[in-house]
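Since every read-out is calculated from the coordinates, none of them should be taken as a lab result. Since the structure is predicted, the reported quantities are computational estimates derived from the model, not experimental observations. With ideal geometry, Cβ positions are generated from the backbone for all residues, glycine too; neighbour counts draw on all protein chains shown.
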Amino acid sequence: MFLLILPMLTKIFAAMILGGIVGWEREVNERPAGLRTHVLVAMGSALITME
């Protein structure tokens, strides 16, 4: 059972990390839509695009 969920969790985690990197860069430069927003959008996008 866990082996079926592992690829999905890996993709979601990777999306969160990459979204966090982009969001952190925006937080440092004091731009709107920072860390939390980018992590949530990346995670949602990963969930929507999964089969």
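Filtered by the rule that a residue be surrounded by fewer than 16 Cβ atoms within 10 Å (Cβ to Cβ) and in a helix (DSSP H, G or I), the range 29-42 gives 36, 37, 40, 41. Here's a check for you: in the range 10-20, which residue that is surrounded by 14 or more Cβ atoms within 10 Å (Cβ to Cβ) and either hydrophobic (A, V, I, L, M, F, W, C) or without any contact (Cβ under 8 Å) to a residue 12 or more places away in the chain (or both) is nearest to residue 36 (Cα to Cα)? Checking each candidate, the answer is 16.
Among the residues examined, residue 26 does not qualify as of a type outside the set (A, V, I, L, M, F, W, C), without any contact (Cβ under 8 Å) to a residue 40 or more places away in the chain and not in a helix (DSSP H, G or I).
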